[in-house]
1. Counting other beta carbons within 10 Å of each Cβ, put 137, 142 in order, fewest first.
2. With everything on Cα atoms, drop me the angle between helix 6-26 and the longest principal axis of the chain, reported from 0 to 90° to the nearest 10.
3. With label points built 7 Å along Cα→Cβ from the Cα atoms of residue 148 and residue 69, find their separation and express it in nm.
4. Find how many whole Å separate the alpha carbon centroid of the range 17-72 from the alpha carbon centroid of the range 118-161.
5. Could you work out [θ]222 nm for the chain from helices alone, using -39500 (n - 2.57) per DSSP H run of at least four and dividing by all its residues? Round to the nearest 500 deg cm²/dmol.
6. Pick from 127, 180, 50 the residue whose mean-square fluctuation is largest in a GNM of the chain, springs joining Cα atoms under 10 Å.
7. Just tell me which aspartates and glutamates come within less than 13 Å, Cα to Cα, of residue 14; anything on the same chain fewer than 8 places away is out.
8. Arrange the following residues from fewest to most other Cβ atoms within 10 Å of their Cβ: 143, 48, 129.
Amino acid sequence: MVAPHFLPNLNERKRAARKRAKAAREGCDPALGGDLARHVLASYPPPDGAIVAGYWPMGTEIDILPLLIALHEFGHRIALPVTPKRGAALSFRAWHPGAAIVAEAFGTQRSTGEALVPDFLLVPLLAFDRAGRRLGYGGGYYDRTLPLLPRATLLGCGFAAQEVDEVPVGPYDIALPAIATERGVTLCEGAG
């Protein structure tokens, strides 16, 4: 158990790290998602038949739609997360290119397709480090969801400019085994 006095300091460090990460991402071109897609397909593709959970990119996030479209063309079923009320885990609904999407809270988008359980998750991030630690947006949705999918393969997605020396983490933050950027796929030290 973490000492209560540690959490305010951690929250402050995360808040400052989020601000720096958003600033680092500002100058990046979301269209570099095409390069990210090529790297994932070449060196870290989902296994045949895997159900892949992605996310609808928002704002200045790297655009992973080229990857989702390519994976759909290769025969993978694609799912998008459904953002629940705070404190709950994500669920996932089937999506395919051209399918309807619905706006949700926090600027996210979800599909209206059937419920799916993913085998392979593309995880959004604001910052990451070489150990696979990930800084998200602060809602804790992925940290609550990932333990419910212990056999799923995880791949963080972001810009290379979002890499930092060390991401501040708490006891419930889950490290990722690999991170994909426009420069390639990095296998993380100590995650997995």
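1. 137, 142
2. So the inclination is approximately 50 degrees.
3. Spacing of the two 7 Å Cα→Cβ label points: 3.1 nm.
4. Using only Cα atoms, the two centres lie 12 Å from each other.
5. When only DSSP H runs of four or more count, the value is -7500 deg cm²/dmol.
6. Comparing 127, 180, 50 in a Gaussian network model of the chain, the most mobile one is 50.
7. 166, 173
8. So the ranking, lowest neighbour count to highest, is 48, 143, 129.
Read-outs: derived from the displayed coordinates by stated rules, not from any lab. Small disclaimer: the values here were computed from a predicted structure and weren't measured. All Cβ positions, glycine included, derive from the backbone under ideal geometry; neighbour counts span all protein chains shown.
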